[in-house]
Structure formats: structure tokens, C-alpha cells
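Heads up: the structure comes next, in C-alpha cells.
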Amino acid sequence: MDIKRVSVLGAGQMGSGIAQVAAQAGYQVSMLDTKEEFLQRGINRIGKNLERSVAKERITEDEKNEILNRIHTTTGIQEAAGDADIVIEAVVENMEVKADVFRKLDKICPGHTILASNTSSLPITEIAAVTKRPEQVIGMHFMNPVPVMKLVEVIRGLATSDEVFATVEQLSRDMGKNPVEVNDFPGFVSNRVLMPMINEAIYAVYEGVATPEAIDDVMKMGMNHPMGPLTLADFIGLDTCLYIMETLYEGFGDSKYRPCPLLRKYVKAGWLGKKSGRGFYTYE
Ligand code: CAA
């Protein structure tokens, strides 16, 4: 299948990153969000990233402008997705919201359009089931920060066709990423492995084993992780971490995925990590 037009739903951290790498790869991109100010914030983030690339002489000023010109922004879903070859959804991690978006997409998109979700843990098969084209629904899970991280976890729903899988695999490569094939189980692979580690690090704080700084030092210096698990949790967002742990806990029914009570407490307090200014660390 030939992909030319990519539609990205959501201009947040993930959506804007996906729009950036798609535009850098030469695709015509339309980026949707619910408010102009969110779109502007997304475009500013992309502009800053590209500015850094210009400063490092990786791209020219003209190339930066060409990339930005390939990104069209809109608050209208018909305008964003009505002529897309693939839609990559990166809206809030909420099944009802995503189901609603996919129902709409199924109605307005041409028959050939692939519907992909950047969900970090919601079942692709369940999202696909609200559409009349489950064989064209797939998971495309990018990592944060999208312009830097090489992985795209490509998740096959129960009905995803081989042709759609192959198209998305190739698209990921064309976007400069390395696709890895994964089946549809709670947390896929990335979060099934990452989140219990983060949750365990939070238990270590909760039980007074060590300070957050000490735990992060152990993992950075001892295991060569670029960020310690608690810094990473703050970076991902503690609400997102809790949500993913709940998905694992519910999906497998196994107590090994029980979210740490301290994680719950922080989220209840509004300590969501970097984005709220406070999590395991404080931020300006
Ligand atoms: N957006 C774009 N580019 C960014 C960036 C951002 N938010 N943050 C850093 N960068 C770029 C920098 O510009 C720099 O680029 P160059 O090498 O081209 O100069 C490069 O990344 C390295 O940055 P720094 O030198 O400033 O800092 P660093 O070496 O500490 O790297 C990092 C920063 C890449 C974020 C690194 O700390 C890292 O890899 N951390 C772990 C990230 C991770 O695990 N992500 C996955 C999270 S889980 C997830 O996303 C899935 C989920 O479902 C929850």
C-alpha cells in the first residue's frame, strides 16, 4: 500500500513528535487537536526541535521550513483525516475517548485508510472492534521523546492483516525508526517489562530501602540506564505510570502488577512528575 498522507490526532508530546518525524520523512502531515492553542504548542515544540537540528548543521534553515510547511494543523477531524492514507491516533489514554475517535474515523476515512493507535497499553483488538475495518487497525507505539527514540512497537490486533502490518512496518522504517512486531497483550512488551521495574523502584522508596536519588544512581551507574527509573517515571508522568500498572493488574489479574500505594498517593496529590512540577523530584 502506498502511503502519502499521514494524519496525526493529538498535538501533545507524542502527537507532535510523530508529526515531526513523519514530516521529516517527506510525508504530507495533518495534525489535529481540540484547540488552536494546543496545536500552536505542538508546532512550537516541533519548531524548537528543528531549530536545534539547524544549529547542529544537520539540516538547513530551508529544510526546516520545508518540514514545517508539510505540517498542516486543524481542529476539524474531517479536514485532518478525510483524505489520509493512515491516521495515527495519539489522543488521551482512555478507552471511551479512543473508541469514539475510531468510530468517527471509520465513518469519515476512505476505505483504504489504515487506522493506527499510539496507545501504550490499551487493547488494539478492542479498539479495532468498534470499526468495520478491524483488519486495517493496528498499534504503532512510539517512545518518548519520539524524535530521539528508535523503537516503534508495532502491535497486531487479532484481525490485523499481513498487508497492513507490512505497510506499517515499512512506514516506521521510512520514518527513521526500527519496528518491532508484538502481539496484543496488556502492556505489549515495552510497558510489560518497563512499568513493573518502575513500580518496583517506587516500592523501594515506599519501604524506605533507599532515597529516589540513590535508586536512580544504582540503575544509572550499575545498569547503564540513561535515566533512573524514578526520573523516567516523572518524565513519563505518574498518572500514565499508574494507568499502565492498572491495565496490567486488571488484564492479567496477577498481584505482581499491583500498583504501589505510594504511586497512587502521589497521583491523588496531583504530583504527576515533570509536567506538574513535582513527582519524585521537583521541577522549575
Ligand atoms: N525532544 C526532542 N529531542 C530531545 C528531547 C526531547 N524532549 N530530549 C532530548 N532530546 C535530544 C537532544 O536534543 C539530544 O540530541 P542530539 O544528540 O542530537 O544533540 C539528545 O536527545 C540527547 O539529549 P541530551 O544530551 O540533552 O540528554 P541525554 O543524553 O540525557 O538524553 C534522553 C535524553 C534521550 C531523553 C535520554 O535520557 C533517554 O534515553 N532517556 C530514557 C528515555 C526513555 O526511556 N523513553 C521511553 C519512555 S517509555 C515510553 O515512551 C512508552 C510508554 O508507553 C510510557
Checklist entry - By how many degrees, 0 to 90 and rounded to 10, does the Cα axis of helix 238-252 deviate from the longest principal axis of the chain? => result 90 degrees
Checklist entry - Sorted by packing (mean other beta-carbon atoms within 10 Å per residue), highest first, where do 17-24, 85-92, 257-264 land? => result 17-24, 85-92, 257-264
Checklist entry - In segment 5-183, carbon and sulfur make up what percent of the accessible area (probe 1.4 Å)? => result 49 percent
Next on the checklist: Let me check against my output: what whole-number percent is the relative contact order of the chain, with C-alpha pairs under 8 Å and at least 6 apart?
Outcome noted: 14 percent
Checklist entry - What part of the accessible area of segment 191-273, given as a whole %, is carbon or sulfur when the probe is 1.4 angstrom? => result 56 percent
Checklist outcome for this item: Quick calc: nm separation of the 7 Å Cα→Cβ label points for Glu181 and Lys256 -> 2.6 nm
Checklist entry - Considering only segment 5-183, what is the antiparallel percent among its DSSP beta bridges, to the nearest 5? => result 15 percent
Checklist entry - Per the Kirkwood treatment, what hydrodynamic radius in Å, one decimal, follows for the chain from the mean inverse distance over all distinct Cα pairs? => result 19.6 Å
Checklist outcome for this item: Descending packing, highest mean Cβ count within 10 Å first, for 51-57, 227-233 is 227-233, 51-57
Item to check | Restraint check, Lys35/Lys56; Lys220/Lys274; Lys4/Lys150; Lys98/Lys132; Lys4/Lys98, Cα-Cα greater than 26 Å | outcome: Lys35/Lys56
Next on the checklist: About the Cα centre, and with charges only on the beta carbon of Lys, Arg (+1) and Asp, Glu (-1), how big is the dipole of the chain? Nearest 20 debye, please.
Outcome noted: 400 debye
Item to check | Helix 162-174 vs. the chain, principal-axis angle (Cα, 0 to 90°, nearest 10) | outcome: 80 degrees
Checklist entry - Ignoring ligands, DNA and RNA, what accessible area per residue does segment 216-258 give at 1.4 Å, in Å²? => result 53 Å²
Item to check | Crossing angle, helix 36-55 versus the chain [Cα axis fit, 0-90 degrees, rounded to tens] | outcome: 90 degrees
Checklist entry - When the Cα centres of segment 81-107 and segment 1-74 are compared, how far apart do they sit, in Å? => result 19 Å
Next on the checklist: Probe of 1.4 angstrom, ligands and nucleic acids ignored: what's the accessible area per residue over segment 21-106, in square angstrom?
Outcome noted: 53 Å²
Checklist outcome for this item: Computed over all unlike Cα pairs, the Kirkwood hydrodynamic radius of segment 8-128 in Å stands at 14.8 Å
Next on the checklist: In whole Hz and in residue order, list the ³J(HN,Hα) couplings for segment 270-276 that follow from phi through the Karplus curve 6.51 cos²θ - 1.76 cosθ + 1.60, θ = phi - 60°; x for Gly and Pro.
Outcome noted: x, 8, 9, x, 3, 5, 9
Next on the checklist: Using the Kirkwood formula on the Cα atoms of segment 85-152, what hydrodynamic radius do you get, in angstrom to one decimal?
Outcome noted: 12.2 Å
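The values are calculated or read from the model by the stated rules, or taken from the named source; none is laboratory data. Everything quoted here is computed from the prediction, not taken from an experiment. Reconstructed Cβ throughout: ideal geometry from the backbone, glycine too, with neighbour counts over all protein chains shown. Side chains included, ligands, DNA and RNA excluded: accessible areas come from the protein's heavy atoms. Shrake-Rupley method; radii C 1.70, N 1.55, O 1.52, S 1.80 Å.
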